[in-house]
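The values are calculated or read from the model by the stated rules, or taken from the named source; none is laboratory data. Owing to the predicted nature of the structure, the values given are computational and were not obtained by experimental measurement. Here the Cβ is made from the backbone with ideal geometry for all residues, glycine too, and neighbour counts use every protein chain on show.
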Amino acid sequence: MNWDHIYAQAKQWVQEAGNKIRLSFDEILTIQSKTNPNDLVTNIDKDIEQFFIRKIREVYPEHKIMGEEGFGDKLVSLDGIVWMIDPIDGTMNFIHQQRNFAISLGVYENGVGKIGLIYDVVHDELYHASCGNGAFINEKPIPALKETTVKESIIALNATWVMENHRIDHKLMIPLVKDARGTRSYGSAALEMVFVATGRVDAYLSMRLSPWDFAAGTIIVEELGGLVTNLRGEKLNFLTQNSLFVAKPGLHQTIMKDYLKDGKW
């Protein structure tokens, strides 16, 4: 398998898709709701996912595709090569702000992350990594992550405390919020993961995300020495929804032990 070719091709497609999104900023969007009134999708989300699918099918017809908007394959396993695509991660931000959203694309082989790309379209920042070869912003290497303490940390939190049809006690997070230097919420899991990768924040916690939300970010963060698990400290399942806990090395273990009680809550 020529991973260099796939990597170069994926970067080209992501940037082409970003150009398409920028050109849409002056258009009137068609906006629909999915699972609830705040779970939004636009015609641009659908168009961009279909753009990726056309490109992948043309060049790599044997590869499988998992896409947020449902135009890909119905997967029951991660056997073979699977592309996991979120055409616009942060659709609500895209609609209301025209910023704080990203294209997220991860490529996996038999469940192992090989290539991750997250494109901040508005800032023209492409975060990318291939397994074992480092991570980059555009073509600038991102340094390996260093350990830090909770008191020196900025923690990104998604405040929707719902997971698997039951409510998580938000009081679990109060001590962590009090002890941290500060908290942030950006509304795009892909961006929040690369903010951990670049040290803009030190950890990110969310209660319920889908594989396309974290597939690319996991590869980038782990390439730099960060840790990515669910809130119980377990490996993520890339076929279903998960809670998500991303953090610098050392900090992840500290928060798991002292605040998340090693997942025994």
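Of (1) closer than 16 Å to M193 by Cα; (2) over 13 Å from the mean Cα position of the chain (by Cα); (3) among the small types (G, A, S), G111 satisfies all except one. Which?
It is condition (1) that G111 fails.
Matching residues to (1) within 23 Å of D120 (Cα to Cα); (2) of a type in the set (A, V, I, L, M):
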{"position": "P61", "(1), (2)": "no, no"}
{"position": "I65", "(1), (2)": "yes, yes"}
{"position": "E69", "(1), (2)": "yes, no"}
{"position": "S77", "(1), (2)": "no, no"}
{"position": "V82", "(1), (2)": "yes, yes"}
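Considering only residues of the range 83-128 that are touching a Phe, Trp or Tyr at 6+ places or on another chain (Cβ under 7 Å) and of a type in the set (G, A, S), which is nearest to K34 (Cα to Cα)?
G90
One residue is enough: does the range 53-62 have a residue meeting the conditions buried (at least 19 other Cβ atoms within 10 Å of the Cβ), modelled with pLDDT under 95 and either in contact with a His (Cβ under 9 Å, 6 or more places away or on another chain) or farther than 24 Å from G132 by Cβ (or both)? Talk me through it step by step, then tell me what you get.
First pass over the range 53-62, keeping only residues buried (at least 19 other Cβ atoms within 10 Å of the Cβ): 53, 56.
Those still in the list that are modelled with pLDDT under 95 too: none.
No; the residues of the range 53-62 include none that is buried (at least 19 other Cβ atoms within 10 Å of the Cβ), modelled with pLDDT under 95 and either in contact with a His (Cβ under 9 Å, 6 or more places away or on another chain) or farther than 24 Å from G132 by Cβ (or both).
So, restricting to helices (runs of 4 or more DSSP H) that lie completely within the range 1-104, which ones have at least 2 residues that are closer than 27 Å to Y186 by Cβ and in contact with a Pro (Cβ under 8 Å, 6 or more places away or on another chain)? Working first, answer last.
Values: elements: 3-23, 43-59, 91-96.
So the answer is 43-59.
Name the pairs whose Cβ atoms lie under 7 Å apart, with the first residue in the range 108-121 and under 14 Å from F214 (Cβ atoms), the second among the basic types (K, R) and assigned to a strand (DSSP E or B), and 6 or more positions between them or separate chains?
That search, which allows pairs on different chains as well, returns Y108/K114.
Please find, within the range 194-226, the residue that is surrounded by the most Cβ atoms within 10 Å (Cβ to Cβ) out of those that are of a type in the set (V, I, T) and assigned to a helix (DSSP H, G or I). Steps first, please.
To start, the set of residues in the range 194-226 that are of a type in the set (V, I, T) comprises 194, 196, 198, 201, 218-221.
Subset that is assigned to a helix (DSSP H, G or I): 194, 196, 198, 218-221.
Working: V194: 31, V196: 28, T198: 17, T218: 26, I219: 27, I220: 29, V221: 26.
Checked the range 194-226; the qualifying residue surrounded by the most Cβ atoms within 10 Å (Cβ to Cβ) is V194.
Regarding the range 109-130, can at least one residue be identified that is more than 27 Å from E49 (Cβ to Cβ), surrounded by 23 or more Cβ atoms within 10 Å (Cβ to Cβ) and either of a type in the set (S, T, Y) or at pLDDT 95 or above (or both)? Can you show your working first?
Pass one, the range 109-130, residues more than 27 Å from E49 (Cβ to Cβ): none.
So far as the range 109-130 goes, no, none of its residues is more than 27 Å from E49 (Cβ to Cβ), surrounded by 23 or more Cβ atoms within 10 Å (Cβ to Cβ) and either of a type in the set (S, T, Y) or at pLDDT 95 or above (or both).
What's the number of the only condition in (1) among the β-branched types (V, I, T); (2) over 16 Å from the mean Cα position of the chain (by Cα); (3) not in a helix (DSSP H, G or I) that T240 fails to meet?
It is condition (2) that T240 fails.
With the requirement that a residue be β-branched (V, I, T) and without any contact (Cβ under 8 Å) to a residue 60 or more places away in the chain, what does the range 83-107 give you? Reasoning before the result, please.
As a first pass, look at the range 83-107 and keep what is β-branched (V, I, T): 85, 88, 91, 95, 103, 107.
Answer for the range 83-107, where residues must be β-branched (V, I, T) and without any contact (Cβ under 8 Å) to a residue 60 or more places away in the chain: just T91.
Just give me the residues in the range 65-107 being among the hydrophobic types (A, V, I, L, M, F, W, C), farther than 18 Å from D213 by Cβ and modelled with pLDDT under 95, in sequence order. Spell out the reasoning first.
Residues of the range 65-107 among the hydrophobic types (A, V, I, L, M, F, W, C): 65-66, 71, 75-76, 78, 81-85, 88, 92, 94-95, 101-103, 105, 107.
Pick out the ones that are also farther than 18 Å from D213 by Cβ and you get 76, 81.
Once the filter is applied, which keeps residues that are among the hydrophobic types (A, V, I, L, M, F, W, C), farther than 18 Å from D213 by Cβ and modelled with pLDDT under 95, the range 65-107 yields only V76.
Just one of V228, V221 is at pLDDT 95 or above and out of contact with any Ser or Thr (no Cβ under 9 Å at 6 or more places or on another chain); which is it?
Details: V228 fails: out of contact with any Ser or Thr (no Cβ under 9 Å at 6 or more places or on another chain).
Testing whether each residue is at pLDDT 95 or above and out of contact with any Ser or Thr (no Cβ under 9 Å at 6 or more places or on another chain) leaves just V221.
Could you check the range 148-173 and list, in sequence order, the residues that are modelled with pLDDT of 95 or more, assigned to a loop (DSSP other than H, G, I, E, B) and under 22 Å from the mean Cα position of the chain (by Cα)? Step through it out loud before you land on a result.
Residues of the range 148-173 that are modelled with pLDDT of 95 or more, as a first pass: 148-156.
Restricting the remaining residues to those that are assigned to a loop (DSSP other than H, G, I, E, B) gives 148-149, 153.
Result: S153, single match.
Does F94 satisfy being buried (at least 23 other Cβ atoms within 10 Å of the Cβ), in contact with a helix residue (DSSP H, G or I) (Cβ under 6 Å, 6 or more places away or on another chain) and more than 19 Å from I115 (Cα to Cα)? Before you say what the answer is, go through the steps one by one.
Values: buried (at least 23 other Cβ atoms within 10 Å of the Cβ): yes; in contact with a helix residue (DSSP H, G or I) (Cβ under 6 Å, 6 or more places away or on another chain): no; more than 19 Å from I115 (Cα to Cα): yes.
So F94 fails the test.
Which residue, of V221, V194, V228, V201, is β-branched (V, I, T) and under 22 Å from K264 (Cβ atoms)? Spell out how you get there, then give the answer.
Numbers: V221 fails: under 22 Å from K264 (Cβ atoms); V194 fails: under 22 Å from K264 (Cβ atoms); V201 fails: under 22 Å from K264 (Cβ atoms).
When all the criteria are applied, what remains is V228.
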